[in-house]
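Here is the structure we will look at, set down as structure tokens.
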Amino acid sequence: MRAPRNLVPQTDVRLGRIVRLLIAHATVVVSGTKIAEEIGTSRSEVWRLVQQLRKLGVDIAGHPSTGYSLKAMPDLLLPEMLAPQLQGTIFAKHLHHYYKIGSTNTAAMDAAGSGAPEGSVFLAEEQTAGRGRGASQWHSERSSGIYCSVLLRPALPPSDVLVITLAAGLAVHSAIQEIDSRVVPDLKWPNDVLIKGKKVCGILTEMNAEITRVRYVVVGIGLNVNQSSFPADLQSIATSLRLTTGTEWSRVELCAALLKSLDREYRSLKENPEASNSILRRFQERSSSVQGRQVEVEENADLKGVTEGLDARGFLQVRTAQGVRTVLSGTVRLS
Ligand code: BTN
């Protein structure tokens, strides 16, 4: 048996229960005694948990001798905030939240190896070792972005898994548009979402498979939501939704829209033999670069040419001086 690598504790479930209670009584002061009774603990423990919530950024007023009230609706990706909106999806029942973790993808891969069910979701307020494709890191500032990994167990051969990454890109696209239709994201094959040429989202799909059968897939989504700036080395290539629109976005609302959209895409992939074609078609429609664009594939020095759409499994076709080539891996640089 493999020892679990991810020993970071999940966020104390009582924090979510306190938030839910305060939301349910948003206009009044809730006494420490009532909270203590509801969550089955002492008043002093409630005080300690409220301090933790404040550290997480939840704005709670403490009223001497009467209790607590919410000053503003918290935007934390707690299961209690998301689950009610995810009823009926495969993501409603196994939501895991971390205040701080190395990487949600690592947590999801570990959990998958230990038998976690399909539809498990791993969310973090902050990642200390967020991973991107190749050896890259994912900048994961606390409570600004959405850092989310979902565990799927599709009945597919490994060669067909790319379509799931493309479906995740579509889900991000439609979630953003559902919240603000003025924002027009551009999908960049295979795993980026851009706004005005800058990256707003990256997707890291990892899997464990036999030669002919996938055991599990983890789709990790990093979405820049409320960052107001980026470190110097990212400034020219990264953007956030807040930088795009000039307003704060609700991460809870966006994350729920994203998971609902991903649920729809994944269900139809499982149930409808035509779904894969629909994903490829819609991806091409929402990408300015999969057709007729001069590209160069990094880690593949010879591959330069003009994009010619996707093949039946979702791989990028590029017309080079030597004929049409299929890009199986590597980063596509747009010229
Ligand atoms: C890329 O663009 O290279 C992919 C970035 C993927 C980042 C997300 S954030 C949530 C999940 N956990 C990780 O460590 N990585 C993915």
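Residues in region 198-212: is at least one more than 16 Å from the ligand (Cβ to nearest atom) and either on the phi > 0 side of the Ramachandran plot or among the β-branched types (Val, Ile, Thr) (or both)?
So far as region 198-212 goes, yes, one or more of its residues are more than 16 Å from the ligand (Cβ to nearest atom) and either on the phi > 0 side of the Ramachandran plot or among the β-branched types (Val, Ile, Thr) (or both).
Would you point out which residue out of Gln137, Gln127 is free of Cβ contacts under 8 Å to residues at least 24 places away in the same chain and within 27 Å of Glu248 (Cβ to Cβ)?
Of Gln137, Gln127, the one residue that is free of Cβ contacts under 8 Å to residues at least 24 places away in the same chain and within 27 Å of Glu248 (Cβ to Cβ) is Gln137.
Here are some residues: Ala321, Ala257. Which one is small (Gly, Ala, Ser), open to solvent by 80 Å² or more (accessible area, probe 1.4 Å) and more than 23 Å from Tyr216 (Cβ to Cβ)?
Ala321
Could you list all residues from region 279-306 that are touching a residue at least 60 places away in the same chain (Cβ under 8 Å) and open to solvent by less than 20 Å² (accessible area, probe 1.4 Å)?
Ile279, Leu280, Phe283, Ser287, Ser289, Val290
Within region 248-290, track down each residue that is in contact with a Ser or Thr (Cβ under 7 Å, 6 or more places away or on another chain) and in a helix (DSSP H, G or I).
Passing the criteria: Leu259, Lys260, Ser261, Asp263, Leu269, Ala275.
If we scan region 26-35, do we find a residue that is charged (D, E, K, R) and closer than 30 Å to Glu265 by Cβ?
No: zero hits.
Would you be able to tell me the number of residues in region 3-23 that are part of a loop (DSSP other than H, G, I, E, B) and open to solvent by less than 70 Å² (accessible area, probe 1.4 Å)?
Taking region 3-23 as the starting set, the residues that turn out to be part of a loop (DSSP other than H, G, I, E, B) are 3-12.
Adding the requirement that they be open to solvent by less than 70 Å² (accessible area, probe 1.4 Å) leaves 6, 8, 11-12.
Number of matching residues: 4.
Being touching a Phe, Trp or Tyr at 6+ places or on another chain (Cβ under 7 Å), within 11 Å of the ligand (Cβ to nearest atom) and either closer than 20 Å to Ala107 by Cβ or not in a loop (DSSP other than H, G, I, E, B) (or both): is that true of Val150 here?
Yes.
Count, please, the residues in region 192-232 that happen to be open to solvent by less than 10 Å² (accessible area, probe 1.4 Å) and either acidic (Asp, Glu) or part of a loop (DSSP other than H, G, I, E, B) (or both).
Result for region 192-232: 3.
Do any helices (runs of 4 or more DSSP H) lying entirely in region 24-143 carry at least 3 residues that are closer than 25 Å to Pro9 by Cα, of a type in the set (S, T, N, Q) and away from the ligand (no atom under 16 Å from the Cβ), and which ones are they?
Here the list reads 43-55.
Within region 180-191, restricting attention to residues that are more than 9 Å from the ligand (Cβ to nearest atom) and open to solvent by less than 70 Å² (accessible area, probe 1.4 Å), which residue is farthest from Ser136 (Cα to Cα)?
The selected residue is Asp180.
Within region 116-123, is even one residue under 16 Å from Cys255 (Cβ atoms) and either touching an Asp or Glu at 6+ places or on another chain (Cβ under 7 Å) or open to solvent by 20 Å² or more (accessible area, probe 1.4 Å) (or both)?
no
The values are calculated or read from the model by the stated rules, or taken from the named source; none is laboratory data. Since the model is a prediction, treat every value here as computed from it, not as a measurement. Cβ sites come from the backbone with ideal geometry, for glycine too, and all protein chains shown count toward neighbours. These accessible areas exclude ligands, DNA and RNA; they are computed on the full protein's heavy atoms, side chains included. Shrake-Rupley method; radii C 1.70, N 1.55, O 1.52, S 1.80 Å.
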